[in-house]
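Peer 1: Structure provided below as structure tokens; questions to follow.
Readers should treat all values here as calculations from the given coordinates under stated rules, not as data from a laboratory. Remember, it's a predicted structure, so these values are computed and weren't measured experimentally. Here Cβ is always computed from backbone atoms with ideal geometry, including for glycine, and neighbour counts include all displayed protein chains.
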Amino acid sequence: MNKLPHVAVVILNWNGRKFLEQFLPSVLASTYTDYSVIVADNGSTDDSITFLAANYPQVRIINNGQNFGFAKGYNEALKLVESDYYILLNSDVEVSPGWIEPMVSLLESDVQIAACQPKILSYHNKTMFEYAGAAGGWIDKYGYPFAKGRVFDICEEDEGQYDQVEPIFWASGAALFVRSSVYHQMKGFDEYFFAHQEEIDLCWRIQLGGYTVFSCPSSVVYHVGGGTLPKGNSLKTFLNFRNNRIMLHKNLTLRQKLWIMPARNVLDAMTAFKGLLSRDFGYSKAVIRADIAFKKWWLFHQKKSTFPASRKGEVHGYLNKNIIWLHFVKKLKFFSQIVKKTQ
């Protein structure tokens, strides 16, 4: 009988004692027989560490010492974790007992599958898909991410419509299952991102490297969402727009960049203007700041980022259309409508 591969469930924590108290028991109730649970603490100022030490001595603690953000926080912690597979799990996620087994089985079936994600439903409404990944991430040709079950702010009800095991463009950082060897081969997350969209960038580089990313809907988790930076936060808006532009510049071919990057300039300017019209000045300011920050990165800081190691691979989950036009003008609300309309 073959030995089961080891899985390390690594939870990045920053002042998340209440989430650890609430959701760690579900993780420790997992039925997979060869796994460990690790909490990587990003310099919390609450009592997360003392709480864990007192109540969960079986949980390994890695103390990063300061708040490195999501990207560097995981990169630093995973340098110290030896395992066949990593599950990068948000602290505000409740898991079901058999959630690990389907993902292990999927990746063990094909060495070219480097990462996957479970089906992510809302903790507060468990029949609805959750914003951060839903049933698997896609991207449109201008770099706007969406997911099977979530298009912009519209989340669908889960009726089994996206229960196919199939390639996707990106797997959610809320519950990212990844082959450890590939994670390190790709040099992990781009630390310049700090937080937001680093998992999309990593999955893009993974695909360009010749691997695939899959959805694994037979594994189900429930995500609270917005635990660190809530929706509408201007820093979140800034990071999303800045990082998305950096990601495009890094991963597109030169020919693609020549027309996609100018188009994004126009689309982002329209987005900022729309914020002004709706008197959401914080949003508009964040979009403008992100444009300036991207240009500074392009001029001065590219060496700090992680670029694709190769471009031999084919990408999946790519919509060769403008999802803004399809969703807001054509009024296509759901993923299934958008994909059907464009096939």
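Peer 1: Test of understanding: ordering H223, H184 by Cβ neighbours within 10 Å, fewest first, what list do you get?
Peer 2: Going from least to most buried by this count: H184, H223.
Peer 1: How long is the gain from N265 to Y318 if the chain were fully straight, where each residue apart is worth 0.36 nm and the alpha carbon distance is subtracted?
Peer 2: Here the segment from N265 to Y318 would lengthen by 17.0 nm.
Peer 1: Okay, next question. Based only on Cα atoms, what mean projected area does the convex hull of region 65-182 have, in nm²?
Peer 2: Its average projected convex-hull area is 8.8 nm².
Peer 1: Measure up K250/K321; K18/K148; K72/K321; K79/K295; K295/K340 against 25 Å on the Cα-Cα distance and list the ones that go over.
Peer 2: The pairs that break the limit, which is 25 Å between Cα atoms, are K18/K148; K72/K321; K79/K295; K295/K340.
Peer 1: Any chance you could run the full-extension gain for K187 through K3? It's 0.36 nm times the residue separation minus the Cα-Cα distance, nm to one decimal.
Peer 2: Separation in residues times 0.36 nm, less the Cα-Cα distance, equals 63.5 nm.
Peer 1: I need C155, C116 ordered by Cβ neighbour count within 10 Å, fewest first.
Peer 2: C155, C116
Peer 1: Given a Förster distance of 22 Å, report the FRET efficiency between H301 and R255 from their Cβ-Cβ distance, rounded to the nearest 0.05.
Peer 2: With R0 = 22 Å, the Cβ-Cβ based efficiency is 0.35.
Peer 1: Along Cα→Cβ, 7 Å out, is where each label goes; now give me the distance between the ones at A29 and V339 in nm to one decimal.
Peer 2: 3.2
Peer 1: What relative contact order, as a whole-number percentage, does the chain give when Cα pairs under 8 Å and 6 or more residues apart are counted?
Peer 2: It rounds to 19 percent for the chain.
Peer 1: What number results when the radius of gyration of the chain, computed over Cα atoms, is divided by 2.2 N^0.38 Å?
Peer 2: Its radius of gyration relative to the 2.2 N^0.38 Å reference: 0.96.
Peer 1: Sorting V59, V339 on the 10 Å Cβ count, fewest up front, what's the list?
Peer 2: If I rank by nearby Cβ atoms, fewest first, I get V339, V59.
Peer 1: Which loop GluC sites (Glu not before Pro) in region 124-215, with loop taken from DSSP, have no more than 11 other Cβ atoms within 10 angstrom of their Cβ?
Peer 2: Sparse-neighbourhood loop GluC sites (Glu not before Pro): E159.
Peer 1: Separate question: So which of K126/K285; K236/K304; K285/K333 end up more than 26 Å apart by C-alpha?
Peer 2: K126/K285; K285/K333
Peer 1: Which of G137, S105, Y123 sits farthest toward the positive end of the charge dipole of region 105-159, with +1 on the Cβ of Lys and Arg and -1 on the Cβ of Asp and Glu?
Peer 2: Result: G137.
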